[in-house]
Every structure is written in structure tokens, then in C-alpha cells.
Amino acid sequence: MARAKKELDLHKLEVLYWVAELKSFSLAAEHLSLRQPTVSAHIRALEETLGSKVIDRVGGEATPTALGQMLLERAKSLLALKKEMLVALDQFHGKVRGELLVGGSNIPGEYILPPKLGSFVQQYPEVKPVLRIGDSEGIVQAVLDGAVEIGFVGFKGEDRRLAFHKLWKDAMVLAVPNNHPWGRLKAIDLRELRNEGFISREGGSGTLRSFRKLLAGKGRKPEQLLRVVMELGSTEAIKEALIAGFGISILSRTSIQREIRDGFLKEVPIRGLRLERDFYQVTHRQRALSPVSQAFVAFVRRA
């Protein structure tokens, strides 16, 4: 075993890590910019060195054996140290490159961040953005867990471990199908919402949370005003349901600009109700941002 320890190298452990993490030799090869036979050869060489299998193929997935799992648990700290050293070297030389781990709730993630990330990569071509999209609560949790370094969400949380910075304002609007009778009106009364089937986002949505807060400010409960007929998991799904004529909804104006322009949806004002909310950048107070994340934060604030 002493001989085996001498022949272990960090690169093979890194290959093992990504095969196990992605549960696939081909996906690991793509992530590492290697050919799949090269990945397989690294795993074979590692197994020959150790005299035992480190990866099993079960049900089409690559899973670590008991020995592989033991190696992975110890390799994680080594790979984290390697990443820290590379970041430190880049910082020393004034370079901005590497993975940018960002999370966005539905509206920022699908409509605001993609063009900003594209512009950022034009300025820093050695950066690879990895964007995770979920509801606001899920993205906040991803920041807490360290799965992303920066999140962009539709509400300001109260967890003292997190720092929230207000970035953008967003208008929420009542959206109806193009042929809906309300589309011919200048405005409707708030109480009229109850007359139509309402298509809602899931409970972790920042849009839904903001709308509930606005109604509470008017002394009204959503249950008194909304007859929810569907609860869908994304803005895109809600838009498709609206276009098909299955109800009405409150959506970000940013998210329906194309559908309004192309004549699929209409925006209807609600008398006495100004539908606005803020988007926030969220980071972990106790974790220092990597240089690439620091550069993106500065870029977004300038933009």
C-alpha cells in the first residue's frame, strides 16, 4: 500500500471526483474538457494502483465503491485547496477567470442575468458562468449551502448570515389572455379578481410573496381575493396557461414583454394598487467571494 500511496496523483482524484459527482464518465469528460476514453483510462490506472475498483456502473450510473467513497471524502479537501491556490495565483497576477457560480430566482435567472452574464464574458473571456435557477427561497438556501456564491432573488430575507443588497426594481402586472374582456378596459377593481381563475406560482416564489405583501398592506388577504385554479412551477408555464385561456395571473412585466408585443397577452391595471417589488443580490457574510465573483458584483452594480 505504501507503493500505491506514492503513485496517487491529484489529477486522477479530480477525475474520480467528477465521475462520482456527475454519475457519468461522459459528463465528467465534458466538464474536464477531456475525451471519455481518457477519463476511463485515469479511473483504470487509479484502480490498478490501488488493486481494487473505485467506481461501479449501476443502472447506467457511475457510483463510487466503498473504497472510492473513502478516497472522495479525503480528496474534497485537497481539491478545495487546489482551487484556493489557483484563485490566489490569479488574484496575484490580476486575472479574472474560472467558474462563476451564480443563482437566480425565476425572473432574474431567466430574463435579467443571461444578457448580463453574456456581457461579462465578453469582457472576461476566461470566465465560465454557471447559472442555477430556482425559486427565491431555493436560491437563498443555495447561497447558505455554498452551492452558489451570489444569488439574485425577489425578496429580502432576515437570516443574519446573509447580506442583501437592493439592485433593481420590477413592476408586477395583471396579465390576461389577448381575447379576455378585461383587455378592453382601462382598469379593473381589486375585488374583481375573485371572478376569474387565478394561476399562481409555488409558495417559494418572490413574485407571489411580494403580491401577498402588497395585499396585506391594503388590509386584504389573498384568499379573499384570489380563486386559485392552478399552481405552476415557473413563469414560462404560467404564460403558456394564460395564452391557452385557462385564467389570469400576476407576473413580472419584464417576463411578458415579448408576449405583449406579439399580441398573446395583455396587461390590465388594477385601480388603487401599484404593483412593484425589488430584486436583491444575496451573499454569505462569512464567506469571502472569489475574485471572479467580486468582479461580477462590481460589473452588475456598474451596469
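The values are calculated or read from the model by the stated rules, or taken from the named source; none is laboratory data. All values reported here derive from a predicted model rather than from experimental measurement. All Cβ positions, glycine included, derive from the backbone under ideal geometry; neighbour counts span all protein chains shown.
The table for this structure:
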item	result
Subset tally (residues that are surrounded by fewer than 18 Cβ atoms within 10 Å (Cβ to Cβ), among the charged types (D, E, K, R) and under 21 Å from the mean Cα position of the chain (by Cα)) for region 263-303	4
Any hit, region 125-137, residues being assigned to a helix (DSSP H, G or I), in the same structural domain as Val292 (by TED's automatic domain parsing) and buried (at least 18 other Cβ atoms within 10 Å of the Cβ)	yes
Cross-chain or 6+ apart pairs with Cβ under 8 Å, region 150-167 first and over 22 Å from Glu99 (Cα atoms), then at pLDDT below 90 and assigned to a loop (DSSP other than H, G, I, E, B)	Gly154/Ser205; Arg161/Gln286; Phe164/Lys156; Phe164/Gly157; Lys166/Lys156
Unique match (being within 14 Å of the chain's Cα centre (by Cα), surrounded by 20 or more Cβ atoms within 10 Å (Cβ to Cβ) and among the aromatic types (Phe, Trp, Tyr)) among Phe120, Phe152	Phe152
Test set (1) surrounded by fewer than 20 Cβ atoms within 10 Å (Cβ to Cβ); (2) in contact with a helix residue (DSSP H, G or I) (Cβ under 9 Å, 6 or more places away or on another chain); (3) in the same structural domain as Arg287 (by TED's automatic domain parsing) - Glu192 fails condition number	(3)
Residues that are buried (at least 17 other Cβ atoms within 10 Å of the Cβ), hydroxyl-bearing (Ser, Thr, Tyr) and in a helix (DSSP H, G or I), drawn from region 6-39	Tyr17
Criterion violated by Lys266 - all others in (1) free of Cβ contacts under 8 Å to residues at least 40 places away in the same chain; (2) farther than 24 Å from Gly134 by Cα; (3) not in a loop (DSSP other than H, G, I, E, B) satisfied	(1)
